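A.B. asks: Structure below; questions to follow.
The values are calculated or read from the model by the stated rules, or taken from the named source; none is laboratory data. All values derive from a computational prediction rather than experimental measurement. Reconstructed Cβ throughout: ideal geometry from the backbone, glycine too, with neighbour counts over all protein chains shown. Areas reflect the complete protein model, heavy atoms only, side chains present, ligands, DNA and RNA absent. Shrake-Rupley method; radii C 1.70, N 1.55, O 1.52, S 1.80 Å.
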Amino acid sequence: MSERPRRRLGALLTTVVALTAVLVPAASSAAATAHGHRPPPRMPRTVVIDGHRIQQAKLRLDHGDRALRTAVDALTVKADSWLDQGPWTVVDKPKPAPSGDPHDYLSQAPYWWPSQPKTAENPWGCPYVQRDGERNPEVDTGTDRPDIGKVFNSVTTLSLAWYYTGRKQYAEHASDILRTWFLDPATRMNPNLNHGQFIPCKYDGRAIGIIDFSQQYTSVLDAIALLDTGAPGWSKNDRTGMRVWNTSFLDWLVNSDFGKQESAAQNNHGTFQDMQIAGLALATGDKDLARKVVLDARALRIDPQIAGDGTQPQELARTRSWHYSTFDLVAYTRLAAIGKQVGVDLWAYRGPQGQSLFKAVDYLLPAATGAAPWPYPELEFYRYAASDIVHAAADAGDRQAQAAVPQLETPPGGDLWALRPAAEQLDSIAG
């Protein structure tokens, strides 16, 4: 054979090998999909939850981990309950926010009550007076607060269920819910909270209303990261749209008067505001801002808000002292998880009087394990409220917390820590 035919044959063989390398894996992947199997899971670029841990949990689940299977079964029960609910929209409330724009979010202060009989001349029963810890049921009618809670809870549950099971109906419904509330021009919410927690006849909105979002929105950021790994129904335009919305929302949180007031709060409101800003900064690519917020939280939050013995004085002064002590630590432990991604170990910090996150969690352990009663006022005690924050401290190396984990009370709906290792508020009093 001459040299020229040999070269042609060699080129042909090279082409065949290259095509085989491309087509065979593609065919194998298609066959796997046809038989109900998914390719190896991608690692989500989550904000709070460790994406690598989620990826490894998915791999263990695929290899038959029975404990994880039990947790996923509990998760899918919750996910299935959302499939016939929603989507919701900010524009369907009976009356718009005081701005007159139906796209503006509106909520009412939960602990404020009318002090006078409601009459034609005084339809609200003004003036309103505060009753701390006692939730006024009228706040769940005529505002967006009940629906945004459903948006947050459904999206986080459905996205997580899709990641672990591959069932497209979960991802498609989560995507529809997100598009309806945040992206569709006809139904989207404006990226501000100018009318959060208004008080009739007193305030059209308050900085304190930011807690409506800050307590859960970082979980939505993680849900979006899960969908971004290739969820059916979630498009490139959706990803871009959410990034634009989150960038605008972050700007409002940092630069608006309400945002600045909330950042100055010296209780759980300030902690959650820091956590939300750091999470949004990381999600939108501003790692410098995320790192600065976490670093500043050492002297700005831990030093004045946690005492040397681990108590949280501002939270203990509330009528729901157990709830607010655990609630504040949800924000701290999630902020510490964000810190891990930007090179800050918030768990290792010790304040001038020995303050630390470990001490704050350890102070709750006797009540969290049932070894001793909670010694402060609490209108309705739920022991399981501390379960996630104890898990977080245990994972961070706290030996007392590690020993306490087997004695924790299982939250309603099951212990999902292994599937989403980041603290959530387990005893919601939002209604």
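A.B. asks: Given the condition in contact (Cβ under 8 Å) with a residue 12 or more places away in the chain, assigned to a helix (DSSP H, G or I) and among the hydrophobic types (A, V, I, L, M, F, W, C), answer yes or no: does some residue in segment 125-145 qualify?
C.D. replies: yes
A.B. asks: Same structure, new question: Specify which of the listed residues (ASP309, ASP303, ASP296) is in a loop (DSSP other than H, G, I, E, B) and either surrounded by fewer than 17 Cβ atoms within 10 Å (Cβ to Cβ) or acidic (Asp, Glu) (or both).
C.D. replies: On the way: ASP303 fails: in a loop (DSSP other than H, G, I, E, B); ASP296 fails: in a loop (DSSP other than H, G, I, E, B).
On inspection, the qualifying residue turns out to be ASP309.
A.B. asks: Can you tell me how many residues within segment 346-369 are outside any helix (DSSP H, G or I) and either open to solvent by less than 20 Å² (accessible area, probe 1.4 Å) or in contact (Cβ under 8 Å) with a residue 40 or more places away in the chain (or both)? Lay out the reasoning, then the answer.
C.D. replies: Within segment 346-369, the subset outside any helix (DSSP H, G or I) is 349-356.
Keeping just the survivors that are either open to solvent by less than 20 Å² (accessible area, probe 1.4 Å) or in contact (Cβ under 8 Å) with a residue 40 or more places away in the chain (or both) gives 349, 351-356.
Final tally of qualifying residues: 7.
A.B. asks: Could you figure out which of (1) crowded, with 19+ Cβ neighbours inside 10 Å; (2) within 27 Å of HIS52 (Cα to Cα); (3) out of contact with any helix residue (DSSP H, G or I) (no Cβ under 9 Å at 6 or more places or on another chain) isn't true of VAL72?
C.D. replies: With (1) crowded, with 19+ Cβ neighbours inside 10 Å; (2) within 27 Å of HIS52 (Cα to Cα); (3) out of contact with any helix residue (DSSP H, G or I) (no Cβ under 9 Å at 6 or more places or on another chain) applied to VAL72, the lone miss is (3).
A.B. asks: Sticking with this structure for a sec: For segment 113-135, give me each residue that is open to solvent by less than 50 Å² (accessible area, probe 1.4 Å) and modelled with pLDDT under 90.
C.D. replies: Of everything in segment 113-135, those that are open to solvent by less than 50 Å² (accessible area, probe 1.4 Å) and modelled with pLDDT under 90 turn out to be ASP132, GLY133.
A.B. asks: Residues in segment 255-286 that are surrounded by fewer than 14 Cβ atoms within 10 Å (Cβ to Cβ) and more than 29 Å from ASP176 (Cα to Cα): how many? Spell out the reasoning first.
C.D. replies: Initial filter on segment 255-286 (surrounded by fewer than 14 Cβ atoms within 10 Å (Cβ to Cβ)): 255, 257, 260, 264, 266, 285.
In the following step, the residues that additionally are more than 29 Å from ASP176 (Cα to Cα) were identified as 255, 257, 260, 264, 266.
The number of residues fulfilling the criteria is 5.
A.B. asks: For segment 162-206, what are the residues that are open to solvent by less than 10 Å² (accessible area, probe 1.4 Å) and either farther than 15 Å from GLY86 by Cβ or at pLDDT below 95 (or both)? Walk me through how you get there before you give the answer.
C.D. replies: Of the residues in segment 162-206, the ones open to solvent by less than 10 Å² (accessible area, probe 1.4 Å) are 162-164, 170-171, 174-175, 177-178, 181-182, 189, 193, 196, 199-200.
If the condition is that a residue be open to solvent by less than 10 Å² (accessible area, probe 1.4 Å) and either farther than 15 Å from GLY86 by Cβ or at pLDDT below 95 (or both), then TRP162, TYR163, TYR164, LEU193, GLY196, ILE199, PRO200 are the ones that fit.
A.B. asks: What is the residue count in segment 229-270 for residues that are of a type in the set (D, E, K, R) and closer than 17 Å to LEU193 by Cβ? Give the steps one after another, and end with the answer.
C.D. replies: First pass over segment 229-270, keeping only residues of a type in the set (D, E, K, R): 236, 238-239, 243, 251, 257, 260, 262.
Add one more test, that the residue is closer than 17 Å to LEU193 by Cβ, and what stays is 251, 257, 260, 262.
The qualifying residues number 4.
A.B. asks: Only one of these conditions is not met by ALA404: (1) without any contact (Cβ under 8 Å) to a residue 60 or more places away in the chain; (2) within 19 Å of ILE49 (Cα to Cα); (3) not in a loop (DSSP other than H, G, I, E, B). Which number is it?
C.D. replies: Checking ALA404 against (1) without any contact (Cβ under 8 Å) to a residue 60 or more places away in the chain; (2) within 19 Å of ILE49 (Cα to Cα); (3) not in a loop (DSSP other than H, G, I, E, B), the one that fails is (2).
A.B. asks: Using the structure shown, decide if TYR376 is outside any helix (DSSP H, G or I) and aromatic (Phe, Trp, Tyr). Show your work before the answer.
C.D. replies: Details: outside any helix (DSSP H, G or I): yes; aromatic (Phe, Trp, Tyr): yes.
It is true that TYR376 is outside any helix (DSSP H, G or I) and aromatic (Phe, Trp, Tyr).
A.B. asks: State whether one or more residues within segment 375-387 are in contact with a Pro (Cβ under 9 Å, 6 or more places away or on another chain) and of a type in the set (S, T, N, Q).
C.D. replies: yes
A.B. asks: Would you point out which residue out of TRP252, TRP245 is aromatic (Phe, Trp, Tyr), open to solvent by 10 Å² or more (accessible area, probe 1.4 Å) and assigned to a helix (DSSP H, G or I)?
C.D. replies: Working: TRP245 fails: open to solvent by 10 Å² or more (accessible area, probe 1.4 Å).
Of the residues listed, the single one that is aromatic (Phe, Trp, Tyr), open to solvent by 10 Å² or more (accessible area, probe 1.4 Å) and assigned to a helix (DSSP H, G or I) is TRP252.
A.B. asks: Could you go through segment 410-417 and let me know if any residue there is buried (at least 20 other Cβ atoms within 10 Å of the Cβ), under 22 Å from the mean Cα position of the chain (by Cα) and in a helix (DSSP H, G or I).
C.D. replies: No, segment 410-417 has no match at all.
A.B. asks: Sticking with this one: Where the second residue is part of a helix (DSSP H, G or I) and of a type in the set (Asp, Glu) and the first is under 18 Å from ALA278 (Cβ atoms) and lies in segment 316-345, which pairs have Cβ atoms under 8 Å and are six or more apart or on separate chains?
C.D. replies: These pairs meet every condition: PHE327/GLU315; ASP328/GLU315; VAL330/ASP388; ALA331/ASP274; THR333/ASP388; LEU335/ASP274.
A.B. asks: In addition: Kindly indicate whether ARG69 is farther than 23 Å from ILE224 by Cβ, in a helix (DSSP H, G or I), out of contact with any Ser or Thr (no Cβ under 8 Å at 6 or more places or on another chain) and modelled with pLDDT of 95 or more.
C.D. replies: Details: farther than 23 Å from ILE224 by Cβ: yes; in a helix (DSSP H, G or I): yes; out of contact with any Ser or Thr (no Cβ under 8 Å at 6 or more places or on another chain): yes; modelled with pLDDT of 95 or more: yes.
Against the criterion (farther than 23 Å from ILE224 by Cβ, in a helix (DSSP H, G or I), out of contact with any Ser or Thr (no Cβ under 8 Å at 6 or more places or on another chain) and modelled with pLDDT of 95 or more), ARG69 qualifies.
A.B. asks: So which residues in segment 78-136 are out of contact with any Phe, Trp or Tyr (no Cβ under 8 Å at 6 or more places or on another chain) and among the aromatic types (Phe, Trp, Tyr), if there are any at all?
C.D. replies: Within segment 78-136, TRP82, TYR105, TYR111, TRP124 qualify.
A.B. asks: Another one. Restricting the first residue to segment 378-398 and requiring it to be of a type in the set (A, V, I, L, M, F, W, C), which pairs with a second residue that is part of a helix (DSSP H, G or I) and surrounded by fewer than 18 Cβ atoms within 10 Å (Cβ to Cβ) meet a Cβ separation below 6 Å and a spacing of at least six or different chains?
C.D. replies: Here the result reads ALA394/GLN402; ALA394/VAL405, each pair linking segment 378-398 to a residue that is part of a helix (DSSP H, G or I) and surrounded by fewer than 18 Cβ atoms within 10 Å (Cβ to Cβ).
A.B. asks: It is to be established whether one or more residues within segment 370-388 are closer than 27 Å to LEU295 by Cα, aliphatic (A, V, I, L, M), open to solvent by 20 Å² or more (accessible area, probe 1.4 Å) and modelled with pLDDT of 95 or more.
C.D. replies: no
A.B. asks: While we're here: Suppose the filter is under 13 Å from ASP144 (Cβ atoms), in contact with a Lys or Arg (Cβ under 7 Å, 6 or more places away or on another chain) and open to solvent by less than 50 Å² (accessible area, probe 1.4 Å); does LEU106 pass it? Lay out the reasoning, then the answer.
C.D. replies: Values: under 13 Å from ASP144 (Cβ atoms): yes; in contact with a Lys or Arg (Cβ under 7 Å, 6 or more places away or on another chain): yes; open to solvent by less than 50 Å² (accessible area, probe 1.4 Å): yes.
The answer is yes for LEU106.
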